[in-house]
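Chemist: Structure in structure tokens, see below.
The values are calculated or read from the model by the stated rules, or taken from the named source; none is laboratory data. Model, not experiment: these values are computed from the prediction. Glycine also receives a Cβ, built like all others from the backbone with ideal geometry; neighbour counts cover every protein chain displayed.
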Amino acid sequence: MISHVTYSVYGMHCPSCEMIIEKKLMKQDGIKSAEASVSASIVTIGFEGKRPSLEELNGMFAGSGYSFAENIPLKNSRSIYDRTKPLALAGMVAGVFFALSSTGLSSLVMITPESTYGALFLFGLLAGISSCAALTGGLVLSLSSRWLAGYGAEGSMSQKTIPHLLFNAGRIAAYTLLGALLGLAGETIRISSFVSSAAVIAVSLLMLVLALQMLGFTSFSRMRIALPKKLLAHIQSKEAGGRVTHPLLAGSLTVLLPCGFTMIAEGAAMLSGSALQGMLIMFFFVLGTTPALLGIGFSSIRLSSDRKTSPLFMKTAGLLVIFFVVYNLIVQFAPAILMTSTPAYQAAVTPAGSDPALTLQASEVTAVRKAVAKTVSIVYTDSRDIAPNSFTVNKGELVRFEVNPSDTGRGCMSTIMIPGLWERAEPLIKGKKIIMEFTPKVTGSYKITCAMGVPRGIIHVR
């Protein structure tokens with residue numbers, strides 16, 4: 001017959017502590033179940049035979065920072081200062097992040113297939129401390145507490161860094177392989193907008209659950225984020241195998257996550273026309289993003305391992321992860337939602353000629369036929385996107401399409417392309433004119449989009 005006993009536990013500060021205590025208790029003879037709660041500071045043990053004593057438990061966890069007592073503690077009342085400190089710290093970090101993202105750092109380095117490896121590495125460094133850090137850096141921050149649980153409180157600092165090294169090794173390998181494929185296949189390979197959007201949503205949900213666990217929400221604390229059992233059934237019985245495989249796989253899957261910087265590097269790899277050159281372009285780019293991600297990961301280990309700073313760090317990190325989730329969802333999807341609801345967009349997707357103000361007149365078309373190329377000039381602004389956004393050209397006519405960015409594009413809208421007429425995603429960088437020259441060979445309507453396929457205008461070919 002199984003009996004139960006509940007003890008107070010001092011020293012728990014995050015869901016990982018629950019997992020560490022439960023895991024160690026379940027290895028003991030006679031203990032059939034263990035359920036710890038960080039929010040209540042208790043552990044309930046199911047046992048057969050002799051009841052585990054406080055002396056045995058405190059001896060078992062000696063040096064780990066956890067101590068057991070008989071009486072269940074009352075909820076700790078904290079001052080307003082203690083409650084608001086994580087919010088203040090998270091706000092300061094978010095402010096620094098916004099400042100870096102708004103500086104247009106990508107315009108400092110223009111990436112082409114001929115860029116030096118040093119320039120590619122610098123471009124990666126800029127990505128690592130600005131917009132790309134919001135998604136991948138936030139993912140590292142939210143996964144760190146799960147990886148720490150794998151080693152327990154007794155694990156050394158060097159052991160706890162292993163998952164972060166493996167995560168980045170997986171990223172480097174996946175991005176390098178993608179670069180080789182892009183260079184080999186040129187413009188025929190591209191991660192679809194559906195896959196990219198689905199990846200952003202899935203990762204955002206994962207980050208949100210982990211953030212709520214870090215903040216101590218009991219309804220989420222029992223959720224265990226894991227890979228499908230069938231996929232990893234062969235390693236579930238091997239604890240060390242899971243420690244290696246999970247971070248490696250998580251790192252390699254970040255290749256599906258969109259970022260303006262990444263899209264520019266991928267475009268350069270496509271244009272290289274060489275598997276080796278495409279591989280090197282993506283290798284040096286992702287290598288440049290690595291120092292910032294390692295810095296985030298190692299800092300999380302140091303702060304979460306210190307019993308004095310750990311509670312504050314966990315709350316601050318949880319708030320930052322929620323901020324990153326909201327920021328990424330807004331950057332990835334808000335521009336498309338706002339743009340498709342505007343009258344200008346509705347006019348752009350109607351048949352040619354329905355709005356004389358947005359469509360080139362027949363007399364203008366006749367006049368430019370005599371020229372070597374028809375020149376279509378538009379202006380990009382961060383608030384209005386492109387204007388005008390609807391044009392009519394002729395089949396077999398050379399078209400010179402000019403984009404004049406007054407602002408630097410952000411998020412998924414940081415690039416522009418015309419699938420079917422101009423397949424390469426061009427970065428929107430303030431002051432750098434984009435010139436696309438093409439000759440339409442098939443009549444029809446061609447959408448002007450960003451690299452993720454979000455429509456921003458249309459070209460009618462007749």
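Chemist: Residues that are closer than 30 Å to LEU428 by Cβ, at pLDDT 80 or above and not in a helix (DSSP H, G or I): does segment 265-287 have at least one?
Modeler: The answer is yes; a qualifying residue exists.
Chemist: Additional query: Write out, first by first residue and then by second, each pair whose Cβ atoms fall under 8 Å of each other, whose residues are 6+ apart or on separate chains, and whose first residue, in segment 74-97, is outside the structural domain of SER41 (by TED's automatic domain parsing) while the second is basic (Lys, Arg) and modelled with pLDDT under 70.
Modeler: Going by the 8 Å Cβ cut-off, there are no qualifying pairs.
Chemist: I've got another one for you. Would you please name the residue that is surrounded by the fewest Cβ atoms within 10 Å (Cβ to Cβ), looking only at residues in segment 33-55 that are of a type outside the set (Gly, Ala, Ser) and part of a strand (DSSP E or B)?
Modeler: THR44
Chemist: I'd like to verify a number: residues in segment 248-269 that are surrounded by fewer than 24 Cβ atoms within 10 Å (Cβ to Cβ) and within 24 Å of ILE416 (Cα to Cα), how many?
Modeler: 4
Chemist: Now, a different point. Out of ALA185, ALA169, I need the residue that is over 15 Å from LEU257 (Cβ atoms) and modelled with pLDDT of 90 or more. Which one?
Modeler: Only one candidate passes the filter, namely ALA169.
Chemist: Residues that are under 22 Å from MET270 (Cβ atoms), at least 2 per element: which strands (runs of 3 or more DSSP E) completely within segment 371-462 meet that?
Modeler: Because the criterion is at least 2 residues that are under 22 Å from MET270 (Cβ atoms), the strands (runs of 3 or more DSSP E) in segment 371-462 that meet it are 399-405, 415-418, 422-427, 434-438, 444-449, 455-461.
Chemist: Continuing with this model, one more query. Give the residues of segment 6-32 that are touching a Ser or Thr at 6+ places or on another chain (Cβ under 8 Å) and loosely packed, with under 15 Cβ neighbours inside 10 Å, sorted by residue number.
Modeler: THR6, TYR10, MET26, listed by residue number.
Chemist: Test LEU135 against the stated conditions and say whether it is at pLDDT 75 or above and in contact with a helix residue (DSSP H, G or I) (Cβ under 7 Å, 6 or more places away or on another chain).
Modeler: no
Chemist: Could you tell me whether any residue of segment 407-416 is over 23 Å from TYR327 (Cα atoms) and surrounded by 21 or more Cβ atoms within 10 Å (Cβ to Cβ)? Walk me through it before giving the result.
Modeler: Kept after step one, since they are over 23 Å from TYR327 (Cα atoms), are these residues of segment 407-416: none.
Checked against the condition, which is being over 23 Å from TYR327 (Cα atoms) and surrounded by 21 or more Cβ atoms within 10 Å (Cβ to Cβ), segment 407-416 yields no hits at all.
Chemist: If you don't mind, another one. Test GLU154 against the stated conditions and say whether it is more than 23 Å from LEU329 (Cβ to Cβ) and either at pLDDT 70 or above or within 17 Å of the chain's Cα centre (by Cα) (or both).
Modeler: Values: more than 23 Å from LEU329 (Cβ to Cβ): yes; either at pLDDT 70 or above or within 17 Å of the chain's Cα centre (by Cα) (or both): no.
No, not satisfied.
Chemist: A follow-up question, please. Give me the pairs, please: first residue somewhere in segment 151-166 and surrounded by fewer than 18 Cβ atoms within 10 Å (Cβ to Cβ), second residue anywhere and at pLDDT below 60, beta-carbon distance under 6 Å, and either six or more positions apart or on two chains.
Modeler: Cβ pairs passing all conditions: GLN159/TYR151.
Chemist: Does any residue of segment 85-94 turn out to be assigned to a helix (DSSP H, G or I), modelled with pLDDT under 65 and over 19 Å from the mean Cα position of the chain (by Cα)?
Modeler: There is no residue in segment 85-94 that is assigned to a helix (DSSP H, G or I), modelled with pLDDT under 65 and over 19 Å from the mean Cα position of the chain (by Cα).
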